[in-house]
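Participant: I'd like to ask you about the structure that follows.
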Amino acid sequence: MSRRNKGLSFSRKPRRQLGPEFFKELFSWVFIVFISAFLAVVLMYVFGARTNVIGNSMETELYSGQEILINRMVYTISSPKKGDVVAFQPNGNENSHYYIKRVVGIPGETLQIIDGYLYIDGKRCIEDPSFDKMADAGILENELKLGKEEYFVLGDNRNFSEDSRSGNVGVVKQSYMIGKVWFKLSTNLEDLGFVKRK
């Protein structure tokens, strides 16, 4: 009579060997990630620009000294839209630093500031409630009709912004625009992200 082994028995599974297929797939993933990162950097430098915000005119969306990325190609295939945050050089002055402002008026519209509020085509514009009532109407004290490829821009920090209301800046032609601000860089991870459209 044979004795049976009572109790638990453990069988050891053979160790899985990493074969050439595993290393081939690993290499393909590393290669794809490397190529993607390389293309992203090339595209940023060829079609984009990187600059710093100067001044506090775009607070609380953008802060002085904050680095931003500008999409220089977008306005070659489309027109600026209301709410876009754009980088431009006032009056096309190539010696000027980039101004960063938000588009509030587009070609064909008639604008005016009445009692601190923006009116477009005779109707009060409903804007973000965080924007201050404007103390200075500037050139929009009187009605202004925007011509072809002319845009009106304002800073989000309305009472601390030199923008289209100022005679030094005035209306911004599309040809003066460097591009659309599409990404903001920050050391604070909570602030990192795409520029929001108001």
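Participant: Inspect all residues belonging to the stretch 125-133 and state whether any of them is modelled with pLDDT under 90, under 20 Å from Asn52 (Cα atoms) and surrounded by fewer than 20 Cβ atoms within 10 Å (Cβ to Cβ).
Facilitator: no
Participant: Right, next: Working only within the stretch 59-73, note down all residues that are assigned to a loop (DSSP other than H, G, I, E, B), within 12 Å of the chain's Cα centre (by Cα) and acidic (Asp, Glu).
Facilitator: Glu61
Participant: Another question, then. Taking Asp156 as the residue in question, decide whether it is open to solvent by 40 Å² or more (accessible area, probe 1.4 Å), assigned to a loop (DSSP other than H, G, I, E, B) and in contact (Cβ under 8 Å) with a residue 24 or more places away in the chain.
Facilitator: In short, no.
Participant: Using the structure shown, decide if Ala37 is surrounded by 12 or more Cβ atoms within 10 Å (Cβ to Cβ), out of contact with any helix residue (DSSP H, G or I) (no Cβ under 9 Å at 6 or more places or on another chain), modelled with pLDDT under 80 and not polar (S, T, N, Q).
Facilitator: Here the answer is no, as Ala37 does not meet what is asked.
Participant: Here's a follow-up. Tell me which residues, restricted to the stretch 95-126, are assigned to a loop (DSSP other than H, G, I, E, B), in contact with a Leu (Cβ under 7 Å, 6 or more places away or on another chain) and either over 12 Å from Val172 (Cα atoms) or polar (S, T, N, Q) (or both).
Facilitator: If the condition is that a residue be assigned to a loop (DSSP other than H, G, I, E, B), in contact with a Leu (Cβ under 7 Å, 6 or more places away or on another chain) and either over 12 Å from Val172 (Cα atoms) or polar (S, T, N, Q) (or both), then Gly108, Glu109, Cys125 are the ones that fit.
Participant: Go through the stretch 134-147 residue by residue and tally those that are crowded, with 16+ Cβ neighbours inside 10 Å and assigned to a loop (DSSP other than H, G, I, E, B).
Facilitator: Looking only at that region, the number is 3.
Participant: Of the residues that sit in the stretch 93-124 and are of a type in the set (Ser, Thr, Tyr) and within 22 Å of the chain's Cα centre (by Cα), which one is surrounded by the fewest Cβ atoms within 10 Å (Cβ to Cβ)?
Facilitator: The residue in question is Ser96.
Participant: So how many residues does the stretch 67-92 have that are open to solvent by 70 Å² or more (accessible area, probe 1.4 Å) and in contact with a helix residue (DSSP H, G or I) (Cβ under 9 Å, 6 or more places away or on another chain)?
Facilitator: Of the stretch 67-92, the ones open to solvent by 70 Å² or more (accessible area, probe 1.4 Å) are 72-73, 76-77, 81-82, 91.
From the residues that got through so far, the ones that are in contact with a helix residue (DSSP H, G or I) (Cβ under 9 Å, 6 or more places away or on another chain) too are 72-73, 91.
The qualifying residues number 3.
The values are calculated or read from the model by the stated rules, or taken from the named source; none is laboratory data. This one's a predicted model, so the numbers in the text were calculated from it and none came from an experiment. Note that we place each Cβ from the backbone using ideal geometry, even for glycine, and neighbour counts take in every protein chain shown. Areas reflect the complete protein model, heavy atoms only, side chains present, ligands, DNA and RNA absent. Shrake-Rupley method; radii C 1.70, N 1.55, O 1.52, S 1.80 Å.
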